[in-house]
Amino acid sequence: MQGIVGACKVALTQAKACSIQTGFLMRIGVDLGGTKIEGILLNDDGSIAEKIRIDTPTQKYQATLDSVCTVVQRLQSQASPRLTVGIGTPGALALPCELMKNCNSICLNGQALKKDLESALGYTIRMENDANCFALSEAHYGAGADAHVVFGVILGTGTGGGIVVNKQLLKGPNSITGEWGHNAIPVSVRSLIAEDRLCYCGRSNCIETVLSGRGLKQTYFEKTGEQLEATGIAELAASGNPHAQDCLQLYYQLLARCLATVINLLDPDIIVLGGGLSNIRDLYSAVPKYLPEFVFTDVIRTKIVPPSFGDASGARGAACLWPSM
């Protein structure tokens, strides 16, 4: 453990003395990602008093556990009394056994992460998947701060979502609220892809198979016969390559048709897009143009917007798993 502490690279966003003496109530949020672990002290006004970021130990569960505890303990040492702790993870807890599932950091799968962290720290924490934390962050302090109903979408390695109503995260009895990426694609979407797509979850034609980075890569391959990562496709399109531009136009149609099902069911005030693909700027002008054919209303008032915090939303939203007062 001591070696991990010594290796921590601590980035202070404000002077330490200021973080202790502002008078704001603070909470700890930790984003446990596949490549980095980021922890913050979040003030009640949404400002970050302190930030710590370290590399995630590759495929080593105990080392990952120790690293998260180290980050939390370093942050706890900056304030008194003890602060609440929220953790955002790349997967979810399977109920009722409370073992991790669907983590792209595969060493976490099948592990009792929440219980192990609570045993190591000696107190209760709260834990949610990264999509829920993203939605909370944007609903409390970001693009959805003035909205009644916020749907937060992750478009990256996977495709997920979280729903926040009146600043409260919606959670159901199965802990799968917002898992939009594993709904089946609409029939109208199936007609736009060349063949059925197998999802890692074992089902075919999940929304994730067309809207994730892997989905965009597969669409490009079907159209060109070439293998190219999502970032490369976006860069080619920006440079004027007609094949990449056609591929992105198809992606916008796919996204619009899948989001139309969310609007028809949930009718959110705002949809905030996160994840790597949310950085494609044309999404926000192109997708709304394809919505009217599939949304059951004459005037669509739901806004589709980029995130305020990008990959910084995870830790901020994790802190928001606890009330500020």
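Contact map, segment 43-63: residues that are outside the structural domain of residue 28 (by TED's automatic domain parsing) and without any contact (Cβ under 8 Å) to a residue 40 or more places away in the chain paired with residues that are assigned to a loop (DSSP other than H, G, I, E, B) and not basic (Lys, Arg), Cβ distance under 7 Å, separation 6+ or inter-chain. No pairs are found. As a summary of the residue check, residue 225 satisfies the conditions (1) exposed (fewer than 15 other Cβ atoms within 10 Å of the Cβ); (2) touching a residue at least 12 places away in the same chain (Cβ under 8 Å) except for the one numbered (2). Only a single item in (1) farther than 23 Å from residue 45 by Cα; (2) in contact with a Gly (Cβ under 6 Å, 6 or more places away or on another chain); (3) modelled with pLDDT under 95 is not met by residue 153, and it is number (3). Restricting to segment 264-282, and then to whatever is buried (at least 21 other Cβ atoms within 10 Å of the Cβ) and of a type in the set (A, V, I, L, M, F, W, C), can you tell me which residue is farthest from residue 151 (Cα to Cα)? My answer is 280.
Residue 171 meets all of the listed conditions (1) at pLDDT below 95; (2) closer than 20 Å to residue 279 by Cβ but one, namely (2). Annotation: residue 241 fulfils all but one of (1) at pLDDT 95 or above; (2) touching a helix residue (DSSP H, G or I) at 6+ places or on another chain (Cβ under 7 Å); the unmet one is (2).
Please go through segment 280-325 and give me each residue that is polar (S, T, N, Q), touching a helix residue (DSSP H, G or I) at 6+ places or on another chain (Cβ under 8 Å) and closer than 30 Å to residue 75 by Cβ, ordered by number. Within segment 280-325, 308, 313 qualify. Determine whether segment 45-55 contains at least one residue that is in a loop (DSSP other than H, G, I, E, B) and over 20 Å from the mean Cα position of the chain (by Cα). Yes: one or more hits. Residue pairs whose Cβ atoms lie under 8 Å apart, separated by 6 or more positions or on different chains, with the first residue in segment 241-268 and in the same structural domain as residue 285 (by TED's automatic domain parsing) and the second of a type in the set (Ser, Thr, Tyr) and not in a helix (DSSP H, G or I), are 263/302; 267/302; 268/302.
Taken over segment 201-215, the criterion of being in contact with a strand residue (DSSP E or B) (Cβ under 9 Å, 6 or more places away or on another chain) and either crowded, with 19+ Cβ neighbours inside 10 Å or among the β-branched types (Val, Ile, Thr) (or both) is satisfied by 205, 206, 207, 208, 209, 210, 211, 212, 213, 215.
Restricting the search to strands (runs of 3 or more DSSP E) fully inside segment 81-127 and requiring at least 2 residues that are in contact (Cβ under 8 Å) with a residue 60 or more places away in the chain and touching an Asp or Glu at 6+ places or on another chain (Cβ under 8 Å) gives 85-89. Is it true that residue 144 is modelled with pLDDT under 95, out of contact with any His (no Cβ under 7 Å at 6 or more places or on another chain), in a loop (DSSP other than H, G, I, E, B) and not acidic (Asp, Glu)? No; evaluated as a whole, the condition is false for this residue. Of the residues 231, 297, 209, the single one that is outside any helix (DSSP H, G or I) and polar (S, T, N, Q) is 297.
The values are calculated or read from the model by the stated rules, or taken from the named source; none is laboratory data. These numbers were taken from a predicted model, which means no experiment stands behind them. Cβ atoms come from the backbone with ideal geometry, glycine included; neighbour counts cover every protein chain shown.
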